[in-house]
Amino acid sequence: MLTYDDTLSLRERAERLQSAGVFLGGPLRKFETVGRNQLSILLRNGLNLDSKVLDVGCGCLRAGYWIMQFLQPGCYCGIEPNRDMLEAGKAVIVGPDVLDAKQPRFSNNADFDFEVFGERFDFVIARSIWTHASPGQIETMLDQFVKTRTPDGVLLASIKECPWYRRQYAGDAWVGKSDTSEEGGIVRYRFRWISRICADRGLNATRLQNEHGQVWVRIG
Ligand SMILES: C[S@@+](CC[C@H](N)C(=O)[O-])C[C@H]1O[C@@H](n2cnc3c(N)ncnc32)[C@H](O)[C@@H]1O
């Protein structure tokens, strides 16, 4: 059984998950950096101690580990349909003391239903999610964001940009690892398209910097 060991570093705990066959959300060598980067991008966009944050596709809490420790209790929510991945992250990456203290809330829904928490979010973060989601799934996330955001709520999503000479993904299905697939894969979108579907919903999209191989987009 996978349990928390506070004598191990974060990297060693991530290694332990990987050895047990749990998907880390990306490569082991980037586990700590990409997790910390998600707290950093939230802070640079105005995160406060009492902000309500939704982490869409929170995986094994690569980012949740950092974000929930910064926030006041009850402020962190995560959606992750891969139950084993989430439970392994809770047990090994975060551990019982932080879970007790920070009272995060989770949902395993795979429908991008942000309303399950009955909450208004100051921030929704989706790292390495739009790099796998279909156009329809991205539009669903935007619709849910509009329904659950606070008046100044911000969505931070990372993308891989589609170059002009390639077609952007137009399928209906998630591409990559999930609760139902062990197969990797990446999809790409043009910022122009994202900007347009945001404008259709009265939202403004701003392209931020490329950090660790993906471009952050700020939507609000
Ligand atoms: C590349 S991982 C990124 C995980 C996390 N955001 C991180 O940075 O570590 C993509 C995650 O999306 C999850 N996912 C797959 N289908 C999903 C869905 N329908 N709704 C929410 N998350 C989903 C996967 O299970 C996986 O944990």
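Please pick out the residue among 157, 199 that is free of Cβ contacts under 8 Å to residues at least 60 places away in the same chain, among the aliphatic types (A, V, I, L, M) and touching a strand residue (DSSP E or B) at 6+ places or on another chain (Cβ under 9 Å).
Working: 157 fails: free of Cβ contacts under 8 Å to residues at least 60 places away in the same chain.
Only one candidate passes the filter, namely 199.
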Index of the failed condition, residue 212 passing every other in (1) in contact with a helix residue (DSSP H, G or I) (Cβ under 7 Å, 6 or more places away or on another chain); (2) within 24 Å of residue 110 (Cβ to Cβ); (3) not hydrophobic (A, V, I, L, M, F, W, C): (2)
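A quick yes/no check of all residues on (1) near the ligand (Cβ under 10 Å from one of its atoms); (2) of a type in the set (D, E, K, R); (3) at pLDDT 95 or above:
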{"residue": "41", "(1), (2), (3)": "no, no, yes"}
{"residue": "47", "(1), (2), (3)": "no, no, yes"}
{"residue": "50", "(1), (2), (3)": "no, yes, yes"}
{"residue": "54", "(1), (2), (3)": "no, no, yes"}
{"residue": "66", "(1), (2), (3)": "no, no, yes"}
{"residue": "69", "(1), (2), (3)": "no, no, yes"}
{"residue": "77", "(1), (2), (3)": "no, no, yes"}
{"residue": "80", "(1), (2), (3)": "yes, yes, yes"}
{"residue": "87", "(1), (2), (3)": "no, yes, yes"}
All positions within the stretch 173-196 that are in contact (Cβ under 8 Å) with a residue 60 or more places away in the chain and among the small types (Gly, Ala, Ser): 178
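Would you confirm whether or not the stretch 196-207 contains a residue that is among the aliphatic types (A, V, I, L, M) and assigned to a strand (DSSP E or B)?
If we filter the stretch 196-207 for residues that are among the aliphatic types (A, V, I, L, M), which is where we start, we get 197, 199, 203, 205.
The next check asks that each one be assigned to a strand (DSSP E or B); those that pass are 205.
Yes, the stretch 196-207 has at least one match.
Restricting to the stretch 122-157, and then to whatever is among the hydrophobic types (A, V, I, L, M, F, W, C) and part of a helix (DSSP H, G or I), can you tell me which residue is surrounded by the most Cβ atoms within 10 Å (Cβ to Cβ)?
145
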Of the criteria (1) under 20 Å from residue 73 (Cβ atoms); (2) of a type in the set (S, T, N, Q); (3) within 15 Å of the chain's Cα centre (by Cα), which one residue 51 fails: (3)
Residues located in the stretch 1-21, provided they are out of contact with any Leu (no Cβ under 8 Å at 6 or more places or on another chain) and either surrounded by 13 or more Cβ atoms within 10 Å (Cβ to Cβ) or among the acidic types (Asp, Glu) (or both): 4, 5, 6, 8, 10, 12, 13
Residue satisfying all of: in the stretch 105-132; of a type in the set (Gly, Ala, Ser) and under 12 Å from the mean Cα position of the chain (by Cα); farthest from residue 177 (Cα to Cα) among these: 126
Options 110, 91, 101: the member that is surrounded by fewer than 23 Cβ atoms within 10 Å (Cβ to Cβ), over 24 Å from residue 159 (Cα atoms), hydrophobic (A, V, I, L, M, F, W, C) and in contact (Cβ under 8 Å) with a residue 60 or more places away in the chain: 91
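The values are calculated or read from the model by the stated rules, or taken from the named source; none is laboratory data. Remember, it's a predicted structure, so these values are computed and weren't measured experimentally. All Cβ positions, glycine included, derive from the backbone under ideal geometry; neighbour counts span all protein chains shown.
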